[in-house]
Each structure stands twice: as structure tokens, then as C-alpha cells.
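**Q** Below is a structure I'd like to ask you about.
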Amino acid sequence: MNAKKANLSGELKKYFGFSTFKGQQEQIIENLLSGKDIFVLMPTGGGKSLCYQLPALISEGTAIVVSPLIALMKNQVDAVNGLSSDDGVAHVLNSSLNKTQTKQVFDDIKGGKTKLLYVAPESLIKDDYLDFLKEVKISFVAIDEAHCISEWGHDFRPEYRNLKSIIDRIAEVPVIALTATATPKVQDDIQKTLGMSDALVFKESFNRPNLYYEVRPKVNVDKEIVRFINQHKGKSGIVYCLSRRKVEEFAQLLQVNGINALPYHAGLDQKVRVANQDKFLMEEVDVIVATIAFGMGIDKPDVRFVIHYDFPKSLESYYQETGRAGRDGGEGHCLAFYDPKDIEKLEKFLAQKPVSEREIGLQLLNEVVGYAETSMSRRQYILYYFGENFDPVKGDGANMCDNSSNPPKLKEATSDLKKVLTLIKDTGEKFKSKDLISVIAGKENAVTKSYKLEQTSHFGFGKEEKDNYWKTILRQATVQGFLQKDIETYGVLKMSDKARNFLEKQSKEPFLIAEDREFDLSQTKAESE
Ligand code: ADP
């Protein structure tokens, strides 16, 4: 790539007006310019776009930027064109363009004017586009929102699956893939599907130390939320609900209670939606009650709370949605209301889906339940989910959750951990949590039968304790690094070296667990209704 590698800081200043790079931007850009494949995992707001925009602007030829949403592409194109006195530095290529417009785009590319060409993956497969792109100089390919490749991501798009072969048909150029979804499973999927297992990986921490995480049982939820918002009077916040109907009802309920709130969901008239969003951004309204349709590309720095009326379908979504709080580094309270019945509803909904989607959906829900019911540091739980180790005592933001500021009693479970690890070892490290618990509790199911686990000495060793106790041990043993979830099969629990040492050396170090919370709300609800 013939690029002006030297004075990157100067180019940064010239095009973007920033005097320093953020995080690892500079290394990422240098490596991309030297021709390497790059994989960037950075939380939202980390500054991913600049990692391909700047090198594109200073390289010879045009960079292809694959992005899933036309609306987001348009914003980016306008932003990039605003950086330069020349219109046409960035273009979108898609079927909404008429012949004259398409010709203009092609001419600008041929003339060397266009540095960034934004395309959706479904447009990229069009033969006449491909034929054209094969003939021109391409500097590199950037794949934004790369998690769309993975069924384990929160936004799977089948069109992303074929990107590798399409890119190979266009040019042999470096590829930079970027995402804010960093679970090890998604990361593995992206690298394999894009054939970039050797890519240089740049990963930034997903820790948001200024966010306070809290889960409350979903009892008297309407009143609880009204009270919470009144305690944060005049501050900006978002309340997420799963259904459009609930959004409308709850926005009304807040209004009746004197709270300055408006609804937002994809079923509202476009004009109303935009108006409501703008009012929130302009601070004419304090609270937006919304479905997950709200938030993409919204950058309001002083959102002080994000409330989940309903729990989301995955921890990933939870992280993204709560991530809209406290962007300015100030207070950000993330409060979620949890009722196991809501999870059952989501499970029923999944039952109608094709098998693979259902299996994945259930695994993701399982993590959500784990988060909701855990008594561990919630930050540690979330970060573990993103493949990060977090010290719940000394880590940045360690005391910023309900469990940490009000710690549960700890209980020693060293000998039970030994029993569980021995079971996993003896049965060949090939079972998921749910089946291990069946063995421990002595309950037959299809898997225990087919592997004749009833005949082992382990069967039923823990039936005196509740299943939830064993679930807690498995979960906390995983987060504390004794067990690992197999990437290929996801749910299958494997032993780590730490577990082997623990068993072999008869470790003296106690294994402490915080007993997870019981969430049977039927009784409490009956009392309060
Ligand atoms: P992401 O795509 O990772 O969510 P963006 O690319 O939208 O993040 O960047 C987030 C914000 O950070 C933007 O407002 C952007 O202008 C700003 N930003 C990016 N790089 C820098 C930098 N080097 N210095 C200052 N601000 C930056």
C-alpha cells in the first residue's frame, strides 16, 4: 500500500482536528498501512471508525467499507465528506442510486477522488459492481459491525457469511474487521469465517467503571421505576421494554405520574419517532421509554440511567443498552428488573424457531439468568462474558454494583468443588452444565441415559442440595477460571489447568461462593397485588 505512513499525528490533526490518538488507534492504523490483517474489538464509543477512515484518506486507491445499515452509512459518508473540502471523498454504493448517480460514484472512484466506498454486503454481490471494483485500485477492505457474521452475535446477518469469497474476488488486500461484540465465541467465529485467524488482534477493555449495575426483583415494578426516576429528577434516562405495547403504556404511565417521558419504537410514525428522539437529545424530554430500536448511533453523553423494565435476550444486548449511560464518564445507573417468568416467556418464543437458532438463543438466555441471579460482582460477571478477567476487589469500578456494595455472605464449597471437578474429569469433559446437574441431582434425561451416566458412582451425589446450589458452583467455578466453556460446542464445560492443579495438589486454598439469589417471585407478588 502506497501510503504516507510517516506523520500519522499530523494527518490526524489535519483531517479530524484531534491532537492525540485514542487507545490503540495509532498501532492499528500503522499495522493496517503496512499490509496486515487486523481485528479490532473495542467497546462502542472507543473510536473504531477512525481506525479505517484515516488510513483510507491517506492511502492510494479506495477502501471498501462494509456496513450493515444504510442509515448509519449515510451518516458516516456525510461525516467523512465534511472532513474534506472535496465532496465525493466518501460514497455509498447501493441499488437506491439511479444510473447517473451510480456513474458519478464510478467516475469519482476511477478519478482517484473517492477514498471510502460504503457498501452493504447484499449490494457487494451484484455482478456489475463486482466487475467494476475488480478493475480499480482498492486500498483495503474494512468490515464494520463484524459480529453480524456470527450467529452468536446479537445481530446475525446471513449476507455477511459470504464476505470472504466476495472480497477474494475483488482484490488481494488487507482486511480490517471491527466490532463492539467481544465474546470469545463471536471472536472465534468472525476470524474463522473471514479466514483471518492470523490477523493482529487489538482488544480494548470493555470495563465501564463509572456504571453502577443493579438487579431488582420485578415486583411492583411500575411504582419502583417511578420512584427511581423521581429520585433522579431532571436527569436523562432510558427505560427499555420488550414490546411496543408496553412502551406506549409505560410512557403514558410515567406522564400521568408527572414525568416528562416519551415513547420510541419502530412501529411509530417516522416523524413522531424522529421528533421524540430529537426532544430527548435536545433535553426537552427527560426520559425515553423504548424498545431496542432506540439507541443505534445515538450519542448523548449525559444519560444518567438505563432501566430495563424487561430483561433483554442476551448479556451482549444488555451491555450495549446499558452502555448508553454515562458516556461522559459521569454517573450511570443501570437497573434491571428480573422475573424468571419473563425468561420462560422468551424461552417459549424461542421454541418456535429453527433448531440452531433456538439452541443459541437458549444458551444466551442462560447467561442472562446467570447474571440476574448471581451474587458475585456483576462487573466481573459481564467482563468474564467478554473474555476479560476482572478483580472484584481491586479492579477499576470494583464496588460499583449492588452485590459489591452490599456483599452477600460467602460460603465455603471447597469439597463440593472437588466433587464436581472429579465428575467432569471422570466423564471425559463432554457435558454441558444442565446435564452435569442432572447427574449430580440424580435425575435422568436423554443425555444421561444415552451415556449410561446412571451407572456411574457420581449419579445423585448431590441430591440433598437444591439444583440451584450446583448451578452456582458451576457458574462461579467458570468465572473463577476452574472451568472453561468450549468454544466449538459452547456449553460444554472443560477443565482448565487451574482445575487440574486443584485436584492433583489437593489445594488448601478454600473455594468460596456467594450463594445466588432465589428468584421465586410468586409469593412476593401475591402479597403485593
Ligand atoms: P465507535 O465506532 O467505536 O463506537 P466512533 O468511531 O463513533 O466509535 O468514535 C466515538 C467518538 O470518539 C466520536 O465522537 C469520535 O469523533 C471520537 N474520537 C475518535 N477518535 C478520537 C481521537 N483520537 N481523539 C478524540 N476523539 C476521538
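Computed from the coordinates by the stated procedures, all read-outs in this text should not be read as laboratory data. This one's a predicted model, so the numbers in the text were calculated from it and none came from an experiment. Here Cβ is always computed from backbone atoms with ideal geometry, including for glycine, and neighbour counts include all displayed protein chains.
**Q** Give the residue from Leu474, Gln27, Gln53 lying farthest towards the positive end of the charge dipole for the chain; charges sit on Cβ (+1 for Lys and Arg, -1 for Asp and Glu) and the dipole is referred to the Cα centre.
**A** Of the listed residues, the answer is Leu474.
**Q** Further question on the same structure: Normalised by the residues of the range 1-106, what does the relative contact order come to in percent, with Cα pairs under 8 Å and at least six apart?
**A** This gives 24 percent for the range 1-106.
**Q** Then there is this: Just flag the chymotrypsin sites (Phe, Trp or Tyr not before Pro) in the range 7-59 sitting in loop per DSSP whose Cβ has no more than 16 other Cβ atoms within 10 Å.
**A** Passing sites in the range 7-59 are Phe18.
**Q** Under the rule of -39500 (n - 2.57) per DSSP H run of 4 or more residues, summed and divided by the residues of the chain, what mean residue ellipticity at 222 nm is obtained, to the nearest 500 deg cm²/dmol?
**A** After summing the helix terms and dividing by residue count, I get -12500 deg cm²/dmol.
**Q** Can I ask one more? Quick one: the Cα spread of the range 415-454 along its three principal axes, in angstroms, biggest first?
**A** Taking max minus min along each principal axis of the Cα atoms, the range 415-454 gives 28, 19, 15 Å.
**Q** Using only Cα atoms, find the angle between the long axis of helix 467-479 and the longest principal axis of the chain, and express it within 0 to 90 degrees, rounded to the nearest 10.
**A** Between the helix axis and the principal axis of the chain, the angle is about 40 degrees.
**Q** Rounded to the nearest 20 Debye, what is the dipole magnitude of the range 340-426 about its Cα centre when Lys and Arg each give +1 and Asp and Glu each give -1 at the C-beta?
**A** Details: 13 positive and 14 negative charges, 38 e Å.
Here the range 340-426 has a charge dipole of around 180 debye.
**Q** The range 366-500: percent of C-alpha pairs farther apart than 17 Å?
**A** In whole percent, the share of Cα-Cα pairs in the range 366-500 beyond 17 Å is 60.
**Q** Amide H neighbours of Ala336 under 5 Å, counting only residues 5+ apart in sequence or on other chains, H built in-plane at 1.01 Å?
**A** When sequence neighbours closer than 5 places are left aside, the close amide H contacts are Glu214, Val215, Arg216, His308.
**Q** Now for a different question. Go through the range 437-447 residue by residue and turn each phi into a ³J(HN,Hα) via Karplus (6.51, -1.76, 1.60, θ = phi - 60°); whole Hz please, and just put x for glycine and proline.
**A** 5, 4, 5, 4, 7, x, 10, 6, 8, 4, 5
**Q** Can you compute 3J(HN,Hα) from phi for each residue in the range 328-345, using the Karplus curve 6.51 cos²θ - 1.76 cosθ + 1.60 with θ = phi - 60°, rounded to whole Hz and x for Gly and Pro?
**A** Residue by residue, the range 328-345 yields 7, x, x, 3, x, 9, 10, 10, 10, 9, 10, 9, x, 5, 4, 5, 4, 4 Hz.
**Q** If you don't mind, another one. Note down the Stokes-Einstein diffusion coefficient of the range 118-229 in µm²/s, whole number, using a Kirkwood radius over alpha carbon pairs, 10 °C, and 1.306 mPa s.
**A** 94 µm²/s
**Q** If the only charges are +1 at each Lys and Arg Cβ and -1 at each Asp and Glu Cβ, what is the size of the charge dipole of the range 94-152 around the Cα centre, to the nearest 20 debye?
**A** Values: 8 positive and 10 negative charges, 81 e Å.
Charge dipole of the range 94-152: 380 debye, to the nearest 20.
**Q** If packing is taken as the average number of other Cβ atoms within 10 Å across a peptide's residues, how do 57-68, 282-293, 93-104 rank, most packed first?
**A** Listed from highest to lowest mean packing, they are 57-68, 282-293, 93-104.
**Q** Whole-Hz ³J(HN,Hα) for each residue in the range 50-55, computed from phi via Karplus 6.51 cos²θ - 1.76 cosθ + 1.60 with θ = phi - 60°, x for glycine and proline: what do you get?
**A** My calculation for the range 50-55 gives 4, 5, 10, 5, 5, x Hz in order.
**Q** Positive end of the charge dipole of the chain (Lys, Arg +1 and Asp, Glu -1 on Cβ, about the Cα centre): tell me which of Leu362, Asn403, Leu211 has its Cα farthest that way.
**A** So the residue furthest toward the plus end is Asn403.
**Q** Sticking with this one: Please compute the contact order of the range 115-267 in relative form: average sequence separation of alpha-carbon pairs under 8 Å and at least six residues apart, divided by the residue count, as a percent.
**A** The value is 17 percent.
**Q** Related question: Calculate, axis by axis, the spread of Cα positions in the range 247-340 along the three principal axes, and write the results as whole Å, longest axis first.
**A** 33, 31, 26
**Q** For Cα pairs less than 8 Å apart in space and 6+ apart in sequence, what is the mean separation divided by the residue count of the chain, i.e. the relative contact order in percent?
**A** In percent, rounded to a whole number, it is 12.
**Q** Regarding the chain, what whole-number volume in Å³ per residue does the convex hull of its Cα atoms give? Before the final figure, lay out the partial values.
**A** Working: hull volume 93.7 nm³, N = 529.
Hull volume normalised by residue count: 177 Å³.
**Q** Could I get the Rg over Rh figure for the range 202-279? Both from C-alpha atoms, Rh via Kirkwood, rounded to two places.
**A** Taking Rh as the inverse mean 1/r over Cα pairs, Rg/Rh reads 1.03.
**Q** Could you order peptides 245-252, 474-481 by the average number of other Cβ atoms within 10 Å of their residues, highest first?
**A** Packing proxy ranking, top to bottom: 474-481, 245-252.
**Q** Can you give the charge dipole size of the range 189-297 about its Cα centre, rounded to the nearest 20 debye, using +1 on the beta carbon of Lys and Arg and -1 on the beta carbon of Asp and Glu?
**A** Around 260 debye, computed over the range 189-297.
**Q** So what does the Cα-only Debye profile of the range 1-156 read at q = 0.11 Å⁻¹, as log10 I(q)/I(0), no solvent term?
**A** -0.42
**Q** I've got another one for you. Enter the Cα centre distance for the pair the range 441-514 and the range 60-106, rounded to the nearest angstrom.
**A** Taking the Cα centre of the range 60-106 as reference, the centre of the range 441-514 is 53 Å away.
**Q** I would also like to ask the following. If you project the alpha carbons of the range 37-116 onto the principal axes, what extent comes out on each, in Å, largest first?
**A** Principal-axis extents of the range 37-116 (Cα, largest first): 39, 26, 25 Å.
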